[in-house]
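Participant: A single structure is presented below for examination.
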Amino acid sequence: MIAFCPGLSSDSFLVILSVSGKTNIVLYGLFTNFEIMTLSIKSKVYFFFKTPVSLRDRTKLKKFIEATFRKEKKKLQSLNFIFCTDKDLLEINRQYLKHDFYTDIITFELSEKGAPIEGEVYISIDRVRDNSKKLKEPLWRELLRVIFHGVLHLSGYGDKGKKERKEMRKSEDLLIADFRGDISRDTVST
């Protein structure tokens, strides 16, 4: 399906509202006034930009994300990444999670238990930029970390306890290293 949304850009303009016939309430709430036309599906990963961000190597990143799910032995149906503002993500956080605070990422798994993964990952570019400055990390690295954080959540990783957060961070770092080809898995510290 293809969506033409005023103020929203995408590298493919593809919005998966439902591959399996389920209604996607989150997209309806965030994006309005769009027309949908049928289009053949080429990728299972899509990027949408409600706010501008430089995301390089999109095709490589999509393939890497799909390969990550295969390595995790998870079947991927479709995954949407929506890049938005603090205000957008705060509204989603309040409405769907009943939380009243800013966050860099919210991940929704939309698939039934045991079914291939369908999900949406909402990322606040404002938070990513602020975190990048606070952590003294390049923006590209912090953006990849948050993208992979969402992928890991959908793969079954948690981040509630100290041990889970440490494992999540280690896995994020390994994925960044693998994607960038900068360093081998053996040189990533835990």
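Participant: If the cut-off is a Cα-Cα distance under 18 Å, which aspartates and glutamates reach Lys163, setting aside same-chain residues fewer than 8 apart in sequence?
Facilitator: Glu172, Asp173
Participant: Give me the percent of Cα-Cα pairs in region 87-190 that sit more than 16 Å apart, rounded to a whole number.
Facilitator: Distances greater than 16 Å cover 64 percent of the Cα pairs.
Participant: Right, something else. Ignoring ligands, DNA and RNA, please state the percent of accessible area on region 49-190 from carbon and sulfur, probe 1.4 Å.
Facilitator: 49 percent
Participant: Would you pull out the residues with amide H under 5 Å of Val45's amide H, same chain only if 5 or more places away, H placed 1.01 Å from N?
Facilitator: Leu79
Participant: A further question follows. Where a Cα-Cα gap under 13 Å defines reach, which aspartates and glutamates qualify for Lys160, not counting those fewer than 8 residues away within the same chain?
Facilitator: none
Participant: Right, something else. Among the listed pairs Lys75/Lys113; Lys44/Lys71; Lys44/Lys87, which are separated by more than 18 Å between their Cα atoms?
Facilitator: Over 18 Å apart, Cα to Cα: Lys44/Lys87.
The values are calculated or read from the model by the stated rules, or taken from the named source; none is laboratory data. The model shown is predicted, which means the values in this text are computed figures rather than measured ones. Heavy atoms of the whole protein, side chains included, go into the accessibility calculation; ligands, DNA and RNA do not. Shrake-Rupley method; radii C 1.70, N 1.55, O 1.52, S 1.80 Å.
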